[in-house]
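> Got a structure for you, written out below as structure tokens; questions coming shortly.
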Amino acid sequence: MDAVDKLRSVIAKSDNIVFFGGAGVSVPSGIPDFRGSDGLEKQRIPFEDILSHDYFIENPEAFYRIYRDKLIYPDAKPNDAHYALAKLEAMGKLKVVITQNIDNLHQLAGSKKVLELHGSVYRNYCIRCKKKYELKKILTSSGAPRCLCGGIIRPDIVLYREVLDREVLTEAINYIAKADALIVAGTSLVVYPAAGLIRYFAGDNLVIINKSKTDFDYHADVVIYDSVDRVLAAAVK
Ligand code: ZN
């Protein structure tokens, strides 16, 4: 039995599946993994510094130049991985998608229950009065977008050196702890909080789908070294 067959049989016998996805899930949609090799190595200031809380506060104009250029992909479309997961949810097998991506592609593919650990570029708010703004406001303004009150608008994403939303994190842990199968895909599992979250899984089948090895392969029941869109399209019919 090859690995995709094994994944198929895990899906067949599980009705409490949790999916945990990283940047690799969106790569087939044309959104690069900025931490990966196609990322921003040539950046003069490290990406982690530009996309940090302090940099945003001190240099919002420069922050937004990079942010608009590298983090927003308004024309990106869901790929086979997103659609397969939406289908698994509709079948009653998948309980939640937990994602580190901020691109809204799971929702666009039809997934209903999505926990966005790092927030979403589609949500924005004024740092002074908290008024909410849609992505369109960011796309149709220049420089650092301003609220009607004069405050700077920021994306509702987790910047470097900011903590994750505690409620979202707790909900993710609860889903993982109760799952009977956990599919982890498109992440090397080295970026916080991925590795920590996996440790809460106590179910029967841990499946890892990634193009390269991860530190957790040894613990997994099924490991598939391939692109997640190809694998899920083959496993979910
Ligand atoms: Zn405001």
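> Would you point out which residue out of 152, 127 is open to solvent by 60 Å² or more (accessible area, probe 1.4 Å), farther than 13 Å from residue 20 by Cα and within 16 Å of the ligand (Cβ to nearest atom)?
Being open to solvent by 60 Å² or more (accessible area, probe 1.4 Å), farther than 13 Å from residue 20 by Cα and within 16 Å of the ligand (Cβ to nearest atom) holds for just one of 152, 127, which is 127.
> I've got another one for you. Which one is farthest from the chain's Cα centre (by Cα) among residues in the range 75-110 that are of a type in the set (Asp, Glu) and closer than 30 Å to residue 47 by Cα? Outline the logic, then answer.
Step one: of the range 75-110, the residues of a type in the set (Asp, Glu) are 75, 80, 89, 103.
Now narrow it down to the ones that are closer than 30 Å to residue 47 by Cα: 75, 80, 103.
Working: 75: 17, 80: 15, 103: 8 Å.
Filtering first and then ranking leaves 75.
> Could you grab me the full set of residues in the range 130-149 that are part of a helix (DSSP H, G or I) and either without any contact (Cβ under 8 Å) to a residue 40 or more places away in the chain or open to solvent by 60 Å² or more (accessible area, probe 1.4 Å) (or both)?
136, 137, 139 - these are the residues of the range 130-149 that are part of a helix (DSSP H, G or I) and either without any contact (Cβ under 8 Å) to a residue 40 or more places away in the chain or open to solvent by 60 Å² or more (accessible area, probe 1.4 Å) (or both).
> Just wondering, is there one or more residues in the range 77-92 that are closer than 25 Å to residue 237 by Cβ, surrounded by fewer than 21 Cβ atoms within 10 Å (Cβ to Cβ), in contact with an Asp or Glu (Cβ under 8 Å, 6 or more places away or on another chain) and at pLDDT 95 or above?
Yes.
> Hey, residue 121 hits all of (1) of a type outside the set (Ser, Thr, Tyr); (2) in a strand (DSSP E or B); (3) over 17 Å from the mean Cα position of the chain (by Cα) but one; which does it fall short on?
(3)
> Only one of these is at pLDDT 90 or above and touching a Phe, Trp or Tyr at 6+ places or on another chain (Cβ under 8 Å): 16, 104. Name it.
Working: 16 fails: touching a Phe, Trp or Tyr at 6+ places or on another chain (Cβ under 8 Å).
Every option except 104 fails the conditions.
> Let me ask something additional. Restricting to the range 48-74, name every residue that is over 17 Å from the mean Cα position of the chain (by Cα) and either in a loop (DSSP other than H, G, I, E, B) or closer than 14 Å to residue 102 by Cβ (or both).
59, 68
> Got at least one residue in the range 176-190 being within 20 Å of residue 52 (Cα to Cα), more than 16 Å from the ligand (Cβ to nearest atom) and either out of contact with any helix residue (DSSP H, G or I) (no Cβ under 8 Å at 6 or more places or on another chain) or outside the structural domain of residue 228 (by TED's automatic domain parsing) (or both)?
yes
The values are calculated or read from the model by the stated rules, or taken from the named source; none is laboratory data. Nothing here was measured: the structure is a model prediction, and the numbers come from that model. Using ideal geometry, Cβ is built from the backbone for each residue, glycine included, and neighbour counts are taken over all protein chains shown. The area values use the complete protein model at the heavy-atom level, side chains included, leaving out ligands, DNA and RNA. Shrake-Rupley method; radii C 1.70, N 1.55, O 1.52, S 1.80 Å.
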